[in-house]
Structure formats: C-alpha cells, structure tokens
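Report on one structure; see the data block that follows.
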Amino acid sequence: MTAPESEPAVKPSRQPPSMQEDEALALLRDGRLEVAGRLVEATNMTLYCSVKLGSRTAACVYKPVRGERPLWDFPDGTLAAREVAAFEVSQATGWNIVPPTVYRDGPFGPGMVQLWIDTEREVDLQRLVKSRNPLVRRMAVFDAVVNNADRKGGHLLPLPTGHVYGVDHGVCFSVEDKLRTVLWQWRGKPLAREAVAVLAKLERDIETGSLGRRLRELLSLEEVEATWRRVRRLLDTGVHPYPSEGWPAIPWPPI
C-alpha cells in the first residue's frame, strides 16, 4: 500500500446558511411540490419545482421515475434511487458532496427530489475541473466509491462560499467498473490521509452500519457488495484509480 499523501486543510462543508441539512431534508420530504418548468437540456425528465412546508420554501429538482429513459446497462426505473443512494454515501463521508436529496411521491409519481443549488457564475468550470482543488479531489474519491459513470464538468456546482457540490448521480453503483469522469488528474497518486480515514469509516458503515442498511433499501445486494469492494480496493492500493481499459475514461460531452 502506498503511503497516504498530506493535503491542505479544508474548511468543513456546510449547507447554504439559510437552511441546515435536516431542515432541507424535512422540507424536501414533506413539503408541497409545485412544478415551475422543465430543464430541457437534461436527458431524463428533470423538473424545476418549488417546495413549501409551513413558512419555509425552496427551489428543488424533481426527477420522476416515469420520466427516466431506459438504459441498456442499468435496470429500468432505478435512477432516482441511485441518486438518493449517492446522497447517503455523501452524507456518510461528511463531505457534503451531494445536495440534500430524498425519494418521495410527487405530481408525476415517485422520484428523486433534490435541493436546488445556486452556483457562483464567475467560476471557470474548465479550470475548476483541471485544478488541484482539494474539494474536487474529494469528489474524485467519492466518484470512485460510487462508480460514477458520468462525471461531466457541468455536474460540478461551485458556490460563492468556495464549496463545490456534485449532481446527477443516476448512473452510479453498477457492479461492473464504469468509472467515467473528467477528474483524472490524481490517477495513480497516493490518497490523501483524510480520504483514507473516510474510506475506512465507509468500509465499516457499509459492512455493519446504518449506511449498508440504507443502501440495501435503494440498491441491489450485489451493488452494495460491489460498493464495499471498491472501498476495500482503494484502501488496499492506497492510490486514486486509473481509468479502466474496457470502458471510455471521459464522458461525452465532457462539460
């Protein structure tokens, strides 16, 4: 195993200052959804909505299962649950990579509902993607864990606070190696000490903890076991993974 690499200190990631995570989850889970429009550039049905619970309101994204386009390599009707599973892993890491996300019923049936994130428009996404930003490096580790098959540059959401969210995790958690991402700048490099500690916690949480129980509600047993094996492999090798020889390394379009 390669010795872990030290990295600059990273400030704790936080939710937007107006709403704590538990408040956001309660709002998304129990609030009244109203569809305002559709994001037409999205492959699957992606609806921009407002959600209201009492005096609290927020914008959100709603992806109903019935609007999912069938894929040859993922079971039909499972993408929304995979998005929620990605949030559960994100929450377990403590890195807050995925915005608050729930699975619930909505105007077009059950689906994924995720807090809308207003981004810092002045950030150059291409530059951010190629950067050595430690928050982006965290995302590269996260993507290796969830086996993200579609990490485009446009799926990074930089905030004015400096935090970076990641979205669109419907094609994650395949049993087969499908890691396809624009974040290869750390391939073969030793994992940061922080990442090693987080991965060790994830291994325990998936094997015997609440994360494993929650993932088994959202994914197949084989997919949960494959997630545990990916974490174990990262710990055994001690390095960021290399691209697979049998799978395209970069999604198209990359941004």
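GluC sites (Glu not before Pro) within the stretch 218-255: which are DSSP loop residues with at most 11 other Cβ atoms inside 10 Å?
Glu245
Under 37 °C and 0.692 mPa s, how fast does the chain diffuse according to Stokes-Einstein, given a Kirkwood radius computed over C-alpha pairs? Answer in µm²/s, whole number. Mind dumping the intermediate values first?
Numbers: Rh = 18.5 Å.
Taking Rh from Cα pairs, D becomes 177 µm²/s.
Among Ser90, Ser50, Ser220, which one shows the highest mean-square fluctuation when the chain is modelled as a Gaussian network with alpha-carbon springs under 10 Å?
Among Ser90, Ser50, Ser220, the largest GNM mean-square fluctuation belongs to Ser220.
Expressed as a whole percentage, what fraction of the accessible surface of the chain belongs to carbon and sulfur atoms when a 1.4 Å probe is rolled over the protein heavy atoms?
The nonpolar share, carbon plus sulfur, comes to 52 percent.
With every protein chain in place, what's the accessible area of Tyr103 (1.4 Å probe, Å², nearest 10)?
Here the residue's solvent-accessible area equals roughly 100 Å².
Taking only protein heavy atoms into account and a 1.4 Å probe, give the accessible area per residue of the chain in Å².
49 Å²
Going by average Cβ density within 10 Å per residue, which order do the peptides 180-186, 115-121 take, highest to lowest? List each step's numbers first, then the result.
Details: 180-186: 20.6, 115-121: 14.4.
Result, highest mean first: 180-186, 115-121.
Does the stretch 200-244 come out rounded, prolate or oblate by the C-alpha gyration tensor, with a ≥ b ≥ c the root eigenvalues, rounded set by a/c under 1.5 and, if not, prolate when a/b is larger than b/c and oblate if not?
Oblate.
The values are calculated or read from the model by the stated rules, or taken from the named source; none is laboratory data. None of the values given here were measured: they were computed from a predicted structure. Glycine gets a Cβ as well: all are built from the backbone with ideal geometry, and neighbour counts include every protein chain shown. Please note that ligands, DNA and RNA were not included when accessible areas were found on the heavy atoms of the full protein model with its side chains. Shrake-Rupley method; radii C 1.70, N 1.55, O 1.52, S 1.80 Å.
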